[in-house]
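> My questions all concern the structure below.
Just so you know, all these numbers are worked out from the coordinates, no wet-lab data involved. Fair warning: this is a prediction, and the values are worked out from it, not measured in the lab. Every residue, glycine among them, receives a Cβ derived from its backbone with ideal geometry; neighbour counts consider all protein chains shown.
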Amino acid sequence: MARPHEELYELCDCLRSVSVELDSYEPESQHSPIIDSSGEEMGEVKTQTREVLPGLRFLREEVKRDLQVFQKFLDDPESTSLPPLSTNAPYLVAVWRELLQARGAVAIYRTFHTDAHPQASRKPKNGSAKGHSVKVDVVADNGRRWIRVNTIKNSRILMEFREIDSYLTSSDEDDGDGHSSLKKENLIPQEFDNSVLRMGRELLEAARANPHGSNEIPSVTMRLTRLNPSLSDEPRIAYTIDCLQRMGIDVQLGERQGIVKEMDDISARPTVLEPTTHINLDLSALIALISDTTHSHLPRDPEDANTRFIPPQRYVEWKKQRVQMLSNSPDATSTWEDSGIHSRVLAEQAQQEMKKGLLQDMHDRLRSISPTLQNIQFWTTQEARQRCLQIVFKIAGTRERQRAEVLLSCSTCSETTTIPTHNQFWVHSRYPSNFIPLIPIRLYPSSEPDTTSLESFQPNPSSPFLTSLALTCRNILSQEDMSRLRESQSPPGHSAAPYLSNDEGDIPPAAVTLANPKLTVHTVQSMLWGATLGWTTLTTNRSSVKVLLKEMKRSAGGGVLTHEPPNEDDTARVSEAAIWIVKPRSLAEGSRSDYCSE
């Protein structure tokens, strides 16, 4: 004998399974193509950064809330005599199944405004809604496809039809001319409408108002889980579906039956991120490659690392005098305590080298894509090179200056007339000569990639992530006044030679972007070159990467944080990294307590 409300027990079991699966769900498409080699623990190399899937937490909460309602109803002895429970479970299950099988899912329950300017359609303070918004259940294909679940039944839409018929019949009877049936036939095609068609029109209107990237209108899929024209002799059900399809909507009928096994196998395969053979270096990466910390002999232990950067007495005396002199200046920001913080940071960087050196990490990763390293190339922008040399001349030690001159093929900042040879980069390094083929670092022909400067390259932005990153960088830079930037990058009196030549001169401050003051112009320019060419950008500037990711989400609705799945035929899926983050390495030679004795 069947239990009362047997269908509710089955639905409750299904919802309970969904709840368990949601707790362990990790969206594969939310893995950004970013290598993160900045792990703190020994041997820890995080290969990907993840963003929480927007709306996932809300779906989990809805499922758990409905489960509690289910359980409370079914546990009640009196429920056997009560009518079936009204529940949202079929809709929640359907959304979950769409999410499971959606490629490149970037959001759940995302609201889009039909107004092209979402700010203008937010609710005013008085509570009255301005404009109109539409909910999309699953934003898939990295933002290019919208999926909306509709659980309306045949019986429910038939009620709508009967309501339409009653209006038409009433109108015909009022006319009283004896031609009601002819008028009814003529009116249906012109005035035919229902809630499903209205939903479709609203989705299309919102899609046109919210293009993906710059001008790609998302496609719309409607999953009609319980609307079945084959189970009804009402032709208007099939006509409704036909109308949706003629609008350009992809109509899917019936419920999905869970995950296809092949997809399980695919998602279980590990994704391996590898750098490209051409590496794009930003300013922070150039500094790290020159740093004494990167090249010097390793400390014996953490205590030795801390001792290495205890300021020597002569530096202590000089620093005290310097702080005292600056204390009378209203713009003074340096304090004596700053030197202690600086020493601790340098000691931490030295200890990071003890775990895994920067050059060793680069060597191992690059060997995996080019065993001989013969086709590895390094590139940077003119702006990053210029600023690196300015910083080096101001604060670097002798060996760090020598490395900078060799690395950047420049003797302008040298106090001698001798142009160093390639081997001099490795003279005071613990690594053998040419451990990584860094020299020469090649320069891009212009500040930003354009039609002319790209003629000698073969741009290959191989993923939506890179395309979106390039678009975001261009949007940010488009707000800049480049003539103002050129003036700000060259200090007064140094227009012909931008490298500082005396101790009194200050390094010109890096120009920040008008779009976001947390980003510098030279950083965005570096990222733009890498994204445009499809090359991995090496950086130690984690904070700027985070800000850029937020700018990308803001400009393209979240889809830009994902990358296309690799070839499904591969047992280990390999993707090219867009960004490679490593731990910072500061110019440290002048801060060493054993500077003179080594």
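> With 10 angstrom as the radius, rank 540, 277, 151, 293 by how many other C-beta atoms surround their C-beta, starting from the fewest. Before the final figure, lay out the partial values.
On the way: 540 24, 277 16, 151 19, 293 30.
So the ranking, lowest neighbour count to highest, is 277, 151, 540, 293.
> Note down the nm distance, to one decimal, between modelled labels 7 Å out along Cα→Cβ at residue 238 and at residue 574.
Placing both labels 7 Å along Cα→Cβ, they lie 5.3 nm apart.
> Now for a separate question. Starting from the 7 Å offset along Cα-to-Cβ, what nm value, one decimal, do you get for the label separation of residue 75 and residue 375?
For the pair residue 75/residue 375, the computed spacing is 6.4 nm.
> Given labels modelled 7 Å from the Cα in the Cβ direction, how far is it in nm from residue 430 to residue 17?
5.6
> In vacuum, with every alpha carbon of the stretch 426-479 counted as one equal point scatterer, what does the Debye formula give for log10 I(q)/I(0) at q = 0.22, 0.24, 0.27, 0.32 Å⁻¹? Two decimals, please.
Normalising to I(0) and taking log10 leaves -0.93, -1.01, -1.15, -1.25.
> If each residue's Cβ is checked for other Cβ atoms within 10 Å, how do 78, 62 rank with the fewest at the top? Spell out each step's value before the answer.
Details: 78 7, 62 17.
Ascending Cβ contact count within 10 Å gives the list 78, 62.
> Find how much the distance from residue 301 to residue 479 grows on full extension, using 0.36 nm per residue of separation minus their present alpha carbon separation; answer in nm with one decimal. Walk me through the numbers before you get to the answer.
Values: separation 178, 0.36 × 178 = 64.08 nm, distance 4.89 nm.
Answer, rounded to one decimal: 59.2 nm.
> If the limit is 19 Å between Cα atoms, which of 518/550; 553/583; 355/394 go over it? Can you show the working numbers first?
Details: 518/550 12 Å; 553/583 25 Å; 355/394 30 Å.
Check vs 19 Å cut-off fails for 553/583; 355/394.
> Let me ask something else about it. Once phi is turned into ³J(HN,Hα) by the Karplus curve 6.51 cos²θ - 1.76 cosθ + 1.60 with θ = phi - 60°, what whole-Hz value does each residue of the stretch 78-95 show in order, with x for glycine and proline?
Calculated HN-Hα couplings, in order: 7, 5, 4, 9, 8, x, x, 6, 7, 9, 8, 4, x, 5, 5, 4, 5, 5 Hz.
> Got a sec? How would 14, 243 order by Cβ neighbour count within 10 Å, fewest to most? Walk me through the numbers on the way to the answer.
Details: 14 16, 243 19.
Placing the least packed residue first, the sequence is 14, 243.
> In addition: Provide the FRET efficiency to the nearest 0.05 for the residue 354-residue 451 pair, computing r from the beta carbons and using R0 = 60 Å. Don't jump to the answer; show the numbers that get you there.
On the way: r = 47 Å, r/R0 = 0.79.
Rounded to the nearest 0.05, the efficiency is 0.80.
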